[in-house]
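S.K.: Got a structure for you, questions after.
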Amino acid sequence: VTDIADKIKSYCSAVNSRLPELMDKMCGPGILKDSMNYSLNAGGKRMRPILCLMSAEMFGDEKEALDFACAIEMIHTYSLIHDDLPAMDNDYLRRGKPTNHVVFGEAYAILAGDGLLNCAFEVMLKCAIKSAKSINYISAMDIVAGAAGVKGMIAGQAGDIQFEGSQQGIEVLEYIHERKTAAMITASLTSGAALKGASQGEINALNNYGRCVGLVFQIIDDILDETGETDKLGKTPGKDKNDEKQTFARLYGIEKSRAIAEQKTKEAVDALEIFGEKADGLRKMAAYLFRRKY
Ligand code: IPE
Ligand code: IPE
Ligand code: MG
Ligand code: MG
Ligand code: MG
């Protein structure tokens with residue numbers, strides 16, 4: 001395996017150059033398109049599409065997964081635009097830029113989110129129609145629809161809002177984090193495998209890996225909200241404490257939260273055993289996501 005940072009860079013630039021092409025094909029000109037592209041092209045680590053491509057790569061050529069991976073980034077970006085709305089987290093900085101609703105107004109921010117979600121399903125359907133293995137893409141779409149939906153990310157976001165301003169225990173905290181963050185991270189991996197025709201056993205293993213790295217991802221996000229700097233994060237830290245969000249940092253403190261994340265990173269790596277050295281990239285990725293500083 002090449003150095004993980006190089007792999008991330010190369011998949012990130014593949015996604016960054018394909019996203020605008022896909023948007024151009026689907027959107028007519030105007031403010032709606034501008035607002036969608038504003039958030040989509042503002043930067044972002046592209047971790048979900050990168051995970052999708054890394055997973056697909058274990059089962060052969062990952063290039064045919066690129067459009068599907070871009071669709072996942074569209075869903076993620078929509079979730080960020082809506083997450084930042086005044087009615088949700090009320091944030092004004094995202095990916096180092098003023099949030100969508102600050103620039104385009106709330107109505108367009110809502111519509112840009114709706115639009116990106118629809119674009120994502122259009123892209124995924126076109127993949128399924130074009131492919132000789134349509135059923136694989138349909139299975140992958142089923143995974144993504146579930147993870148993004150009302151038992152997945154949307155349920156997590158609802159829980160995040162419901163329990164704001166209260167003090168809950170680990171069950172509620174894990175309920176929220178598994179859904180708002182781990183669900184889409186897991187689906188990125190399992191859909192990437194499904195569209196390459198992976199077996200149920202392989203998908204189960206990636207589910208276990210994804211749940212762990214997904215939780216780690218949100219634990220580190222919670223820690224960085226307390227310890228990170230605006231310049232690096234591209235968003236305003238300190239918000240979670242202010243809003244009394246359910247976070248690992250709040251329930252356990254920074255040090256113990258980091259220890260939990262480290263333990264879960266080990267569990268993630270253990271889950272990859274059945275893949276042998278094919279999964280070395282994902283093993284390095286788990287460590288990378290634990291160490292991230294933004
Ligand atoms: C932020 O996601 C929202 C969380 C689930 C923590 P990212 O940290 O992946 O944000 P971008 O895509 O890099 O901006
Ligand atoms: C957001 O979690 C999760 C989703 C957008 C689904 P946060 O509210 O913690 O994310 P940030 O910190 O604003 O990026
Ligand atoms: Mg939020
Ligand atoms: Mg937020
Ligand atoms: Mg956060």
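Where a number appears in this text, it was derived from the coordinates with a stated rule and is not lab data. Computed from a predicted structure; not experimentally measured. For neighbour counting, all protein chains shown are included, and Cβ atoms are generated from backbone atoms with ideal geometry for every residue, glycine included.
S.K.: Identify, among 4, 149, 288, the residue whose Cα sits farthest towards the positive end of the charge dipole of the chain, taking +1 on the Cβ of Lys and Arg and -1 on the Cβ of Asp and Glu, with the dipole about the Cα centre.
M.R.: Looking along the dipole axis, the top candidate is 4.
S.K.: Another question, if that's okay. State whether the chain is rounded, prolate or oblate according to the following rule on the C-alpha gyration tensor (a ≥ b ≥ c being the square roots of its eigenvalues): a/c under 1.5 gives rounded; otherwise a/b larger than b/c gives prolate, and the remaining case gives oblate.
M.R.: oblate
S.K.: With r as the distance between the Cβ atoms of residue 170 and residue 61 and R0 = 45 Å, compute the FRET efficiency 1/(1 + (r/R0)^6) and round to 0.05.
M.R.: 0.60
S.K.: Which cross-chain or sequence-distant (5 or more) residues have an amide H under 5 Å from the amide H of residue 93, H modelled 1.01 Å from N in plane?
M.R.: Distant-sequence amide H within range of residue 93: 99, 236.
S.K.: How far apart, in nm, are two points set 7 Å out from the Cα along the Cα-to-Cβ line at residue 292 and at residue 17?
M.R.: The two pseudo-label positions are separated by 2.4 nm.
S.K.: Subtract the Cα-Cα distance of residue 270 and residue 87 from 0.36 nm times their separation in residues, and report this length gain in nm to one decimal.
M.R.: Residue separation times 0.36 nm, minus the Cα-Cα distance, leaves 61.9 nm.
S.K.: Also: Below 8 Å between Cα atoms, with a sequence gap of 6+, how large is the relative contact order for the chain in percent?
M.R.: About 19 percent, as a whole number.
S.K.: Note down the magnitude of the dipole of the chain about its Cα centre, charges +1 on Lys and Arg C-beta and -1 on Asp and Glu C-beta and zero elsewhere, to the nearest 20 debye.
M.R.: It comes to approximately 500 debye.
S.K.: Okay, moving on. Suppose each label sits 7 Å from its Cα in the direction of the beta carbon; what would the residue 242-residue 10 distance come out to in nanometres?
M.R.: Going by the 7 Å Cα→Cβ label model, 4.2 nm.
S.K.: Related question: I need the phi-derived Karplus couplings for the range 35-47: 6.51 cos²θ - 1.76 cosθ + 1.60, θ = phi - 60°, integer Hz, Gly and Pro marked x.
M.R.: 6, 5, 5, 4, 6, 5, 9, 7, x, x, 7, 6, 5
S.K.: State the extension gain, in nm to one decimal, for the chain segment bounded by residue 231 and residue 34, taking 0.36 nm per residue of separation less the distance between their alpha-carbons.
M.R.: 68.5 nm
S.K.: Which Cα, out of 276, 81, 199, lies furthest along the positive dipole direction of the chain (beta carbon charges, K/R +1, D/E -1)?
M.R.: Positive-end residue among those listed: 276.
S.K.: Whole angstrom only: what separates the Cα centroid of the range 57-109 from the Cα centroid of the range 130-200?
M.R.: Each part's Cα centre sits 15 Å from the other's.
S.K.: In nm, to one decimal, how far is the modelled label at residue 121 from the one at residue 280, with both set 7 Å along Cα→Cβ?
M.R.: 4.2
S.K.: Using a/c under 1.5 as the rounded threshold, could you call the range 34-162 rounded, prolate or oblate? The axes a ≥ b ≥ c are square roots of the C-alpha gyration tensor eigenvalues, and prolate needs a/b larger than b/c, oblate otherwise.
M.R.: Prolate is the answer for the range 34-162, as a/c is 1.5 or above and a/b outweighs b/c.
S.K.: Now for a different question. For 97, 245, which order do you get if you count the other beta carbons within 10 Å of each Cβ and list the fewest first?
M.R.: So the ranking, lowest neighbour count to highest, is 97, 245.
S.K.: Figure the gain on full extension for residue 25 and residue 262 (residue separation times 0.36 nm, minus the Cα-Cα span) and round it to one decimal in nm.
M.R.: Length difference between fully extended and current span is 81.1 nm.
S.K.: When the dipole is taken about the Cα centre of the range 178-294, and only Lys, Arg (+1) and Asp, Glu (-1) are charged at their Cβ, what size is it in debye, to the nearest 20?
M.R.: My answer is approximately 140 debye.
S.K.: Now for a different question. Per residue of the range 83-96, in order, report the coupling 6.51 cos²θ - 1.76 cosθ + 1.60 (Karplus, θ = phi - 60°) as ³J(HN,Hα) in whole Hz, putting x for Gly and Pro.
M.R.: Per-residue couplings from phi come out as 4, 7, 4, x, 6, 9, 8, 6, 9, 10, 10, 8, 6, x Hz.
S.K.: List the lysines whose Cα lies under 24 Å from the Cα of residue 97, skipping any in the same chain that are fewer than 8 positions away.
M.R.: 9, 33, 45, 180, 232, 235, 239, 241, 245, 293
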